[in-house]
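To start, the structure under review is shown below, and the notes come after it.
The values are calculated or read from the model by the stated rules, or taken from the named source; none is laboratory data. From a predicted model like this one, the values you see are computed outputs, not experimental measurements. Here the Cβ is made from the backbone with ideal geometry for all residues, glycine too, and neighbour counts use every protein chain on show. The protein model used for the area step is the full one, side chains on, heavy atoms only, and it has no ligands, DNA or RNA in it. Shrake-Rupley method; radii C 1.70, N 1.55, O 1.52, S 1.80 Å.
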Amino acid sequence: MEKPLTILRVSLYHPTLGPSAFANVPPRLQHDTSPLLLGRGQDAHLQLQLPHLSRRHLSLEPYLEKGSAMLAFCLKALSRKGCVWVNGLTLRYLEQITLSTINRLSFSGIQMLVRVEEGTSLEAFVCYFHVSPSPLIYRPEAEETDEWEGISQEQPPPGSGQ
């Protein structure tokens with residue numbers, strides 16, 4: 001009896017290039033338990049032709065955690081020049097992070113959302129790709145306000161003890 005594969009549901013978005021950035025991405029990619037490489041190089045399993053992407057930009061590495069019968073995944077940054085933002089943390093060259101059930105990634109202008117659905121097969125996993133028409137990650141930018149202009153200069157600031 002064949003065991004169900006672990007599924008990675010991957011949504012992709014690029015703010016300026018749109019769906020054309022992912023023209024070569026297959027809807028489904030089954031892979032063994034070796035690292036899955038993403039980059040613009042010929043040896044990348046998932047090839048994206050973007051100017052600021054390294055030939056080997058990152059790898060998705062399945063592994064078996066001690067005491068578990070399910071595949072777990074870590075993401076490793078392979079670019080010497082760029083970095084990868086994962087769930088609020090910045091990864092530089094050869095740094096890695098264990099992926100949780102839902103993961104938000106950003107690199108080279110790409111936004112990626114990876115959802116891990118556990119399966120029992122230890123021999124392979126499958127990725128399903130979806131190109132999103134809208135942003136996947138919202139990181140609010142700091143805004144300047146004139147909030148302090150309305151406070152009288154003669155009054156001490158709150159909590160100053162004066």
Within the range 62-83, count every residue that is at pLDDT 95 or above, of a type outside the set (Phe, Trp, Tyr) and within 13 Å of the chain's Cα centre (by Cα). 4
What about residue 100, is it assigned to a loop (DSSP other than H, G, I, E, B), hydroxyl-bearing (Ser, Thr, Tyr) and more than 12 Å from the chain's Cα centre (by Cα)? no
Of 102, 110, the only residue that is over 21 Å from residue 34 (Cβ atoms), touching a strand residue (DSSP E or B) at 6+ places or on another chain (Cβ under 8 Å) and touching a residue at least 40 places away in the same chain (Cβ under 8 Å) is 110
Can you confirm whether the range 107-127 contains a residue that is open to solvent by 80 Å² or more (accessible area, probe 1.4 Å), of a type outside the set (Lys, Arg) and not in a loop (DSSP other than H, G, I, E, B)? no
Yes or no: the range 82-89 includes at least one residue that is without any contact (Cβ under 8 Å) to a residue 12 or more places away in the chain and of a type in the set (A, V, I, L, M). yes
Where residues in the range 103-130 are more than 14 Å from the chain's Cα centre (by Cα) and of a type in the set (Val, Ile, Thr), which of them is farthest from residue 72 (Cα to Cα)? 126
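Select, from 17, 50, 64, the only residue that is in contact with a Ser or Thr (Cβ under 7 Å, 6 or more places away or on another chain) and surrounded by fewer than 20 Cβ atoms within 10 Å (Cβ to Cβ).
Values: 17 fails: in contact with a Ser or Thr (Cβ under 7 Å, 6 or more places away or on another chain); 64 fails: in contact with a Ser or Thr (Cβ under 7 Å, 6 or more places away or on another chain).
After ruling out the rest, the residue left standing is 50.
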Scope the range 71-86; condition open to solvent by 60 Å² or more (accessible area, probe 1.4 Å) and out of contact with any Ser or Thr (no Cβ under 7 Å at 6 or more places or on another chain); matching residues: 80
